[in-house]
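Q: Dumping the structure here so I can ask a few things about it.
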Amino acid sequence: MKKTVGIYPFTCCEGCQLQILDLWDKLVEVLEFIDIKHFRMAQEMNVEEKHDIAIVEGAISTRKEIEDLKRIRKNSGILVAIGECAVTGGIPAIRNDGKGGKGMLKKTTGIGEHVKVDCNIRGCPIDKGEFLRVITGLAVGRMPYDVNEPVCMECNNKEIDCLLLKGIPCMGPVTCAGCGALCPSVGTGCEGCRGMTEDAGLKQLKDRLEEIGIDRKMIRNMMERFSKEVKHDKHKD
Amino acid sequence: MTSIKIDHLAKIYGHAGLELKIRGKRVERARVNITESSRLFENMVSGKRFDEARRLTSRICGICAASHNLTSIMAAEDALGIDPPEDVRRMREALILGGWIQSHALHLYFLALPDYLGYGGTLEMADDRPNDVDRAFRLKKLGNDILAAIGGRPTHLITTQIGGFTRVPGKDAVSVMLKSLKKGLKDAITTAGLFSSFDQPEYEREKPFGALAKKGAYPILTGTPVIGHHYVDSRDFAKKTITEDKNYSTSKFVSFNGEEFMVGPLARLNTSHRYLSPEAKACFRRSDLTLPDHNPFNANVARAIELVHCVEKCIEVLESIRSRGNCIAPDPRSVAKALKRGMHHGAAVTEAPRGMLYHEYDINGKGFITRSNIITPTSQNLYPIERDVKAFLPSMLGKPKQELILEIEKLIRSYDPCISCATHFLDVRFV
């Protein structure tokens with residue numbers, strides 16, 4: 001029997017759903033195994049019911065979102081968080097510095113703050129190839145594993161010259177790999193969109209960034225862009 | 001009294017609902033209820049360095065990420081007094097045309113077409129209309145490929161910088177783009193023919209148009225904002241327009257001189273049709289449109305004609321770039337060092353696929369943003385949407401509820417509202 005799937009967005013830019021839509025010509029093959037019951041961006045008829053797999057995009061920032069999320073959790077077998085907003089709170093969580101808007105929770109967070117998450121697909125936006133691999137795996141009962149190596153490994157593998165050595169700010173040393181060092185490969189510093197590795201050497205990176213003349217305030221901004229809500233235990237030097 | 005409430009409109013970007021109150025033959029209330037939570041982007045951007053805003057604001061919207069990214073860069077350049085070389089401007093234009101191609105293809109084929117053909121979604125059409133579905137994917141991919149070749153990836157660009165690019169496509173990549181654009185032109189023309197062939201509901205309501213105007217060109221990245229008959233200086237855009245909060249919406253509503261105005265493809269076609277590319281002009285002539293056109297349903301025809309323009313224009317722009325080497329950006333640290341003391345204020349208005357997009361920044365002497373303001377196309381279109389729903393509804397009364405809802409949804413979808421964009425803003429106040 002086909003596995004039923006629902007796709008649900010919360011506070012986000014819906015860019016990750018767009019990656020799924022872009023996959024559609026390839027998804028046709030996956031649709032042999034799965035049946036998409038809920039995907040409001042792409043279809044008129046959407047049924048919220050018990051799903052085998054629920055895919056959740058976006059951060060949680062209102063009480064209503066918590067309720068909806070809890071209901072989705074209750075109704076689904078496997079719950080997948082896609083994109084950094086759903087995993088860590090991502091960009092929307094940067095607002096936690098200031099006051100929220102009316103009706104908003106004190107803090108915007110990833111969905112893991114409120115419900116149990118079975119697996120994460122990281123990145124901003126997600127890599128569509130990775131999404132296809134994970135969803136195909138889940139359809140046949142295989143769970144993906146978390147990556148905990150830094151982007152530097154991928155730069156090494158691809159023989160990309162180190163940007164930090166050239167004086168370009170880069171979060172590669174503390175950021176989870178999996179993107180194939182996409183940003184460094186075009187000469188742009190990694191912005192940390194897959195979240196920090198578990199044993200991230202933040203102190204060393206901060207020192208290096210200061211050495212190449214990056215303003216302290218800018219360094220803080222870099223560290224917090226995608227990891228606003230994980231900083232308290234991870235940003236200890 | 002009949003009340004109709006749709007909690008979630010399908011096939012638009014983001015969460016929005018609709019609330020209608022009808023008494024006899026009179027429509028008492030038509031409200032677009034925007035329930036998506038706001039994300040306070042203007043707050044987030046303040047305290048960030050001038051070159052961080054482009055990557056943050058890109059995350060306002062996954063569909064027109066490229067527009068936010070470039071508008072943010074251009075506003076920062078305006079503030080810092082940076083005037084990038086002509087080739088950078090052309091490369092950016094080619095890039096944004098790729099963004100338009102993917103956005104228009106997405107709207108036309110995935111959101112609008114199933115309505116016209118009586119399907120629930122594009123995927124359901126795969127068996128009956130394989131040619132349309134294949135063309136949809138080819139056009140979407142064409143736009144994505146241009147974004148990836150110039151911008152590094154289709155969503156949330158990575159090569160774009162203040163003053164230029166970190167990397168530009170090589171000679172081979174450019175010829176691959178040109179080849180696929182030339183092939184894609186036929187698909188775009190077929191699309192324009194397809195959308196011109198559909199019967200649109202007979203409905204008209206006059207309202208001012210808002211679009212950039214540029215002498216001798218169809219407005220894309222640059223031009224002067226014109227609303228109705230009024231020219232507005234880019235830097236004054238926020239001052240001259242009025243933004244209002246509504247208690248039922250987490251998006252703002254924008255007006256000009258107390259009047260609504262419509263932005264987007266139909267507004268642009270009405271004001272700048274003279275400057276369409278040759279093939280787009282031919283498609284326009286073959287369509288039934290006579291200008292001025294005030295039927296919002298025709299926005300889909302206008303969008304399809306623009307798609308042809310984008311493909312043809314993108315070829316022209318790419319071929320006109322003299323030296324790709326000129327496009328490499330200066331080091332942001334040298335830009336930051338060259339900053340003068342005191343405050344820098346800058347703004348930019350561009351045409352995004354859905355209409356005029358405004359970014360404005362105050363940047364201090366150290367290069368950090370102290371205040372920002374962003375006005376998105378969808379918040380400018382909210383008054384026209386609500387008022388069109390209210391004016392169109394009476395002609396639909398007496399039809400079965402399901403049919404009525406579908407027609408209203410089609411009307412709203414013709415504006416291609418992007419709720420993610422509309423709810424990016426600062427603060428929600430309940431009136």
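The values are calculated or read from the model by the stated rules, or taken from the named source; none is laboratory data. This is a predicted model, so every value here is computed, not measured. Quick reminder, even Gly has a Cβ in these numbers, built from the backbone with ideal geometry, and neighbours come from all protein chains shown. Please note that ligands, DNA and RNA were not included when accessible areas were found on the heavy atoms of the full protein model with its side chains. Shrake-Rupley method; radii C 1.70, N 1.55, O 1.52, S 1.80 Å.
Q: Can you give the % of DSSP beta bridges in the protein assembly as shown that are antiparallel, to the nearest 5? Intermediate values should be presented prior to the final figure.
A: On the way: 51 of 74 bridges.
The antiparallel fraction comes to roughly 70 percent.
Q: With label points built 7 Å along Cα→Cβ from the Cα atoms of B:E206 and B:I242, find their separation and express it in nm.
A: Result: 2.2 nm between the two label points.
Q: While we're on this one: Which of B:T350, A:P9, A:G187 sits closest to the plus end of the dipole of the protein assembly as shown, meaning its Cα is farthest towards the positive end, when Lys and Arg get +1 and Asp and Glu get -1 on the C-beta?
A: The residue sitting farthest along the positive end of the dipole is B:T350.
Q: Please work out how much accessible surface B:S320 shows to a 1.4 Å probe, ignoring ligands, DNA and RNA, in Å² rounded to 10.
A: 40 Å²
Q: Could you tell me which residue out of B:S58, A:P144, A:F33 lies farthest along the dipole of the protein assembly as shown toward its positive end? Charges go on the beta carbon: Lys and Arg +1, Asp and Glu -1, centred on the Cα centre.
A: Comparing the listed Cα positions along the dipole, B:S58 ranks first.
Q: Mind checking the dipole of the protein assembly as shown: about its Cα centre, +1 per Lys or Arg Cβ, -1 per Asp or Glu Cβ, Debye to the nearest 20?
A: For the protein assembly as shown, the charge dipole is close to 1180 debye.
Q: Can you figure out the FRET efficiency of B:K5 with A:R220, using R₀ = 51 Å and their beta-carbon distance, to the nearest 0.05? Don't skip to the answer; put the middle values down first.
A: Values: r = 45 Å, r/R0 = 0.89.
About 0.65, to the nearest 0.05.
Q: State the Cα centre-to-centre distance between segment B:165-185 and segment A:130-157 in whole Å.
A: 31 Å
Q: To the nearest 0.05, what FRET efficiency results for B:D172 and B:D83 with a Förster distance of 25 Å applied to their C-beta separation?
A: Numbers: r = 30 Å, r/R0 = 1.21.
So, using R0 = 25 Å, E works out to roughly 0.25.
Q: Taking every pair of alpha-carbon atoms in the protein assembly as shown, give the share separated by more than 36 Å as a whole percent.
A: On the way: 77792 of 222778 pairs.
Here the tail beyond 36 Å accounts for 35 percent of pairs.
Q: Still on this structure, please answer the following. What is the magnitude of the charge dipole of segment B:2-430 about its Cα centre, with +1 placed on the Cβ of each Lys and Arg, -1 on the Cβ of each Asp and Glu, and no other charges, expressed in debye to the nearest 20?
A: On the way: 61 positive and 50 negative charges, 161 e Å.
Computed about the Cα centre, the dipole is about 780 debye.
Q: Taking every eigenvalue of the Cα gyration tensor of segment B:204-263, multiplying by 5 and rooting it, what semi-axes result, largest first, whole Å? Kindly include the intermediate steps, with their values, before the conclusion.
A: Details: eigenvalues 104, 39, 23 Å².
Semi-axes, largest first: 23, 14, 11 Å.
Q: Report the semi-axes of the equivalent ellipsoid for segment B:2-430 in whole Å, largest first, where each axis is √(5λ) for an eigenvalue λ of the Cα gyration tensor.
A: On the way: eigenvalues 231, 146, 67 Å².
That gives 34, 27, 18 Å for the three semi-axes.
Q: Hey, which of these cross-link pairs are over 21 Å Cα-Cα: A:K128/A:K206; A:K37/B:K140; B:K140/B:K186; A:K3/A:K26; B:K5/B:K25; A:K74/A:K128? Don't skip to the answer; put the middle values down first.
A: Numbers: A:K128/A:K206 32 Å; A:K37/B:K140 24 Å; B:K140/B:K186 14 Å; A:K3/A:K26 17 Å; B:K5/B:K25 18 Å; A:K74/A:K128 27 Å.
Table pairs above 21 Å Cα-Cα are A:K128/A:K206; A:K37/B:K140; A:K74/A:K128.
Q: Would you be so kind as to identify which of B:F256, B:G223, B:S196 lies farthest towards the positive end of the dipole of segment B:175-265, taking Lys and Arg as +1 and Asp and Glu as -1 on Cβ and the Cα centre as origin?
A: Of the options given, the answer is B:G223.
Q: With runs of 4+ DSSP H residues as the only contributors, calculate the mean residue ellipticity of chain B at 222 nm using -39,500 (n - 2.57) per run, divided by the residue total and rounded to the nearest 500. All intermediate terms of the calculation are to be shown ahead of the outcome.
A: On the way: 15 runs with 183 residues, N = 431.
Theoretical 222 nm ellipticity from helices: -13000 deg cm²/dmol.
Q: Let me ask something else. Which entries of B:K21/B:K399; A:K64/B:K240; A:K70/B:K410 show an alpha-carbon separation above 25 angstrom in the structure shown? Present the calculation step by step, with values, prior to reporting the outcome.
A: Details: B:K21/B:K399 16 Å; A:K64/B:K240 36 Å; A:K70/B:K410 32 Å.
Exceeds cut-off: A:K64/B:K240; A:K70/B:K410.
Q: In addition: Roughly how many Å is it from the Cα centre of segment A:50-83 to that of segment B:370-412, as a whole number?
A: 29 Å
Q: While we're here: So which residues in segment A:120-145 end up with at least 20 square angstrom less accessible surface once the other protein chains are there, compared with the chain by itself, probe 1.4 angstrom?
A: Going by heavy-atom accessible area, the residues of segment A:120-145 that drop by at least 20 Å² are A:C124, A:P125.
Q: Let me ask something additional. How charged is the neighbourhood of B:R324? Take every other residue with its Cβ under 9 Å from the Cβ of B:R324, and add Lys/Arg as +1 and Asp/Glu as -1.
A: On the way: positive: B:K171, B:R322; negative: B:D87.
Computed value for this residue: +1.
Q: Which aspartates and glutamates does A:K203 reach when only Cα atoms under 20 Å apart count, and residues fewer than 8 places away in its own chain are ignored?
A: A:E149, A:E191, A:E211, A:D215, A:E224, A:E229, A:D233, A:D237
Q: Right, here's the next one. What is the gain in length, in nm to one decimal, between B:R129 and B:D331 on full extension, counting 0.36 nm per residue of separation less the C-alpha to C-alpha distance? Intermediate results must be reported in sequence, preceding the final value.
A: Values: separation 202, 0.36 × 202 = 72.72 nm, distance 5.05 nm.
My answer for the length gained is 67.7 nm.
Q: Show me, bin by bin at 10 Å from 0, the whole-percent P(r) of segment A:100-237 based on Cα pairs.
A: Taking all Cα pairs of segment A:100-237, the binned fractions are 11, 37, 33, 16, 3, 0 percent.
Q: Right, here's the next one. Taking the Cα atoms of chain A, report the difference between the largest and smallest coordinate on each principal axis, in whole Å and largest first.
A: That gives 57, 44, 27 Å along the principal axes, largest extent first.
Q: Could you compute the FRET efficiency for A:E32 and A:N148, with r as their C-beta to C-beta distance and R0 at 30 Å, rounded to 0.05?
A: Working: r = 33 Å, r/R0 = 1.09.
Efficiency, from the Cβ-Cβ distance: 0.35.
Q: Here's another thing I want to ask about it. At 1.4 Å probe radius, can you tell me the per residue accessible area of chain B in Å²? Could you put the intermediate results ahead of the total?
A: Numbers: 15390 Å² over 431 residues.
Each residue of chain B exposes 36 Å² on average to a 1.4 Å probe.
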